[in-house]
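What follows is a single structure, written as structure tokens, with notes after it.
The values are calculated or read from the model by the stated rules, or taken from the named source; none is laboratory data. What you see is a predicted model; the values in this text were computed from it and never measured. Neighbour counts run over all protein chains shown; Cβ positions are idealised from the backbone, glycine included.
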Amino acid sequence: MSEPAPRNLDVRVGSSTDALTPLAGARRPLHARMQQWIGLLAIALAALAGDQLTKHIVASHLTLDAERHVAGPLSIHHVQNSGIAFGLFASATPIVTILTAIAVAWMLVFFARSGSRHPILPVALGLLIGGSASNLLDRIRLGHVTDFIDLRFWPAFNLADSFIVLGVLVLLAALLLPQRVQKRPHPVPDAHA
């Protein structure tokens, strides 16, 4: 008996091992991996530490309502805010504290489930969580937040507020701007074909 001729299998890139089933429907896990958690944690801790340090410096060098002019419209003005942005809900500190804690917890759960969805998520959520946690810490410890950046034409704010706004802007940009399509390398023609 003669041996059957060997079969040449047509295996294409992007196919499963049976060469028939496409992998276009393959799903990648979206949960946050260790390196993304480390990035988120590093950014959140840096934001929290930077905000707490600047608030401490302002509170220890300026009495309440004291002000130092820096340049142009910018001055350092020591004020306290028991509400949220622009002094809203000043008499609802416990509710603001609870809502902030819920928001931080929700961001952590969202990141745990979707941290791999976009490479910018650790940065955006790190800024949001760090800023929110720093203001939350002040509300729990002191019953108010120290604001000190005064631009005259805008209510006074602090670094945590800036980190929160920056985090939202980065997140919106990541979600709304089209992602760059990576160019695939052109296949090199086979010289033996």
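If you take just the strands (runs of 3 or more DSSP E) that sit entirely in the range 63-158, which of them hold at least 3 residues that are over 24 Å from ALA42 (Cβ atoms) and touching a residue at least 24 places away in the same chain (Cβ under 8 Å)?
Correct list: 74-81, 145-150.
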Quick one: which residue in VAL70, VAL79 is closer than 29 Å to PHE153 by Cα, over 18 Å from the mean Cα position of the chain (by Cα), at pLDDT 85 or above and surrounded by fewer than 17 Cβ atoms within 10 Å (Cβ to Cβ)? VAL70
Just give me the residues in the range 47-62 being in contact with a helix residue (DSSP H, G or I) (Cβ under 9 Å, 6 or more places away or on another chain) and in contact (Cβ under 8 Å) with a residue 24 or more places away in the chain, in sequence order. ALA47, LEU48, GLY50, ASP51, GLN52, THR54, LYS55
